[in-house]
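Okay, so here's the structure we're looking at.
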Amino acid sequence: MTRLLLGAVLLGNLRICITSQVPAMLTPPTQVRFDSVDYKNTLRWTPPTNTSTTTSLQYYVQWKIYGEPQWLDVDSCQGIHKHQCDLSKVTSDPREWYYARVQASSLPSSKSAWALSPRFSPRWQTKLSPPMLKLNVTQQGIVVRVKPRPLVRKMHRNLHYKIYLKHTGGEEVVYDIESSPNKLILNKLKHKEKYCLQAQILIPLQAKSSARNSKKCVTTL
């Protein structure tokens, strides 16, 4: 009987020892989502909630095209410490839909389950920055040139723009131009008068537009 009791005590102690040595499994990262501006597609996430050492965690990112079975590693985002990964190169086809997922790892061996992003489309979900606006005052009037961000221009051959011309008195006139040429000459303006302009990108087929850029003001000759 004494031997049986001793064996039970030793077995209980062994179970306690084994249990105490098993690390708690990491919870997955949360809020995994694409943040896309001008077709720069960045995956972002929030660290796991059950660890206090978030700075020492490593993250592994994979991606795939919607409908494809195989997940692919993002080479530049394996064992990283930051909470974001640039997926612009692997998600560059605007016709496709994509998924991404991220896994957290705490050395030496604890890994979380994979956390999946919502389905992502560069064409429909990227946000457009306002275009750059260049103004040149001549004897003929104001020459307006509009320039989108490089990736936006690469993805869309036929952009449309709205040019907003505001007079000193507050009246606003709107002009519509296409990407080729992306230039507008405003004449028949009052001499030595201050005018403020803004521009906006439009993609009619997608019912998408950018915000207006900050006002730029010039005075005519």
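The values are calculated or read from the model by the stated rules, or taken from the named source; none is laboratory data. Just so you know, these numbers come straight off a predicted model, no measurement behind them. Every residue, glycine among them, receives a Cβ derived from its backbone with ideal geometry; neighbour counts consider all protein chains shown. The protein model used for the area step is the full one, side chains on, heavy atoms only, and it has no ligands, DNA or RNA in it. Shrake-Rupley method; radii C 1.70, N 1.55, O 1.52, S 1.80 Å.
Structure summary
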read-out	value
Answer label, with Cα Rg over 2.2 N^0.38 Å calculated from the coordinates and candidates (i) 1.67; (ii) 1.03; (iii) 1.25	(i)
Vicinal HN-Hα couplings computed from phi for the range 189-198 (Karplus, 6.51 cos²θ - 1.76 cosθ + 1.60; Hz; Gly/Pro x)	9, 5, 6, 6, 10, 8, 10, 10, 10, 9
Cα-centred dipole magnitude for the range 91-216, charges only on beta-carbon of K, R (+1) and D, E (-1), debye, nearest 20	260 debye
Distance (nanometres) between label positions extended 7 Å along Cα→Cβ at Q140 and D93	4.5 nm
Label-point separation in nm, Q31 to Q84, each point 7 Å along Cα→Cβ	1.3 nm
E96, E68, reordered so the largest accessible area comes first (probe 1.4 Å)	E68, E96
Difference of contour (0.36 nm per residue) and Cα-Cα distance, I65 to T42	6.7 nm
Expected 222 nm ellipticity per residue - DSSP helices of 4 or more, -39500 (n - 2.57), all of the chain, to 500	-4000 deg cm²/dmol
Rounded tilt (10° steps) of 2-21 against the dominant C-alpha axis of the chain	10 degrees
Cα-centre dipole for the range 116-187 with unit charges at Cβ (Lys and Arg positive, Asp and Glu negative), debye to 20	540 debye
Estimated dipole of the range 64-121 in Debye, rounded to 20 [Cβ of Lys and Arg +1, of Asp and Glu -1, Cα centre]	180 debye
Over the range 91-218 - Rg/Rh using Cα atoms and the Kirkwood inverse-distance radius	1.21
All lysines inside 22 Å of K154 as judged from Cα atoms, apart from same-chain residues fewer than 8 positions distant	K40, K89, K127, K134, K162, K183, K208
